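One structure below.
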Amino acid sequence: MALAICTFSRIANITSCTWTKCEKTSYNILEILSVRRRNPTTQSSRKCAKFCSETTKSKKLHIKLKKEDIMTIPNVLSMGRIISTPFLGYLIVNCQYEYAVSLLVVAGITDALDGWIARNFPSQASVLGSALDPLADKLLVGTLVISLFLNGDLPAFLTYLILGRDTLLMAAGFVLRYKSLEPPITLARYFDLGKPSVQLAPTVISKVNTALQLGTLALTLSGGLWSPVKPYLPYAWYATAGTTIASALSYVFQKNTYKYMSKK
């Protein structure tokens, strides 16, 4: 009887000891899992954090590389022409042709100068300049056309032709800018001049047309001062109308008049 009691007591002690060890082992496993959940310092978590950090750095570097310097001399000259354009229109409408001709000569000099600087000094060339320079020309031509037409110095057919072509080209430029951006497209990104996404390439006939337009408008403007010029104005008007139509068609049928840069 005593032997049976002793044997039963030993079995109970062994069972209790085994249960206690299992309970401690289970508790240790749960504690380790809990610590890992609270403090994700596992190898996979470290790799993920490192990957995210490198990706963020590469994106920031990509943005810095895409950001270009817009305060170049050609861009400043182009902005100067844009700012002076309303004053030129005011002078023409008020028949102050002497001052208007002087301001137009200055605008022509800055136009030639910014192009020369951009071609001969690569550090001064920019993608923004490829769009800003023709934009300044379009605004200058448009202001001259409207002002001279209001004064009765320019025929209606040439006025509508020049304004119609330039309006369509500017609208196409806005559409290309919109298409070149990845969503989400915000106003801040759309009008961020430091991040160009489309580079324009004017055709040869378009350059000839711009020069002829400015020459014809300058000749028309000078007709208000020197009457001997007036008999030759119709020839210049019809020649300008022809190049205006030809340049518009060149943008429609020729390739490589613009190119998308890397989307941002």
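Taken together, the values in this text are just the output of simple stated rules run on the coordinates, not laboratory data. Remember, predicted model here, so these are calculated numbers, not experimental data. Note: ideal-geometry Cβ built from the backbone for every residue, glycine included; neighbour counts use all protein chains shown.
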Legend entry - Amide hydrogen neighbours beyond the local backbone of Tyr258, cut-off 5 Å, H modeled: Ala201
Legend entry - Nitroxide proxy distance, nm - points 7 Å out along Cα→Cβ at Thr257 and Ala156: 2.8
Legend entry - Radius 10 Å from Cβ of Asp166, net charge of other residues (Lys, Arg +1; Asp, Glu -1): +1
Inset, instruction - Please order Lys195, Lys179, Lys255 by the number of other Cβ within 10 Å, starting at the fewest. - result: Lys255, Lys179, Lys195
Inset, instruction - Quick one: which residues, 5 or more positions from Leu154 or on another chain, have an amide H under 5 Å from its amide H? H modelled 1.01 Å from N in the peptide plane, none for Pro or chain starts. - result: Phe149
Inset, instruction - Once you have the Cα-Cα distance between Phe191 and Met170, take 0.36 nm times their residue separation minus that, and quote the gain in nm to one decimal. - result: 6.1 nm
Inset, instruction - Counting other Cβ atoms within 10 Å, keep those with at most 14, restrict to DSSP loop, and tell me which chymotrypsin sites (Phe, Trp or Tyr not before Pro) in the stretch 139-192 are left. - result: Phe191
Inset, instruction - Using amide H atoms built 1.01 Å from N in the peptide plane, name the residues 5+ places from Val198, or on other chains, whose amide H lies under 5 Å from its own. - result: Met261
Inset, instruction - Could you rank the peptides 89-95, 232-238, 125-131 by their average count of other C-beta atoms within 10 Å per residue, with the highest value first? - result: 125-131, 89-95, 232-238
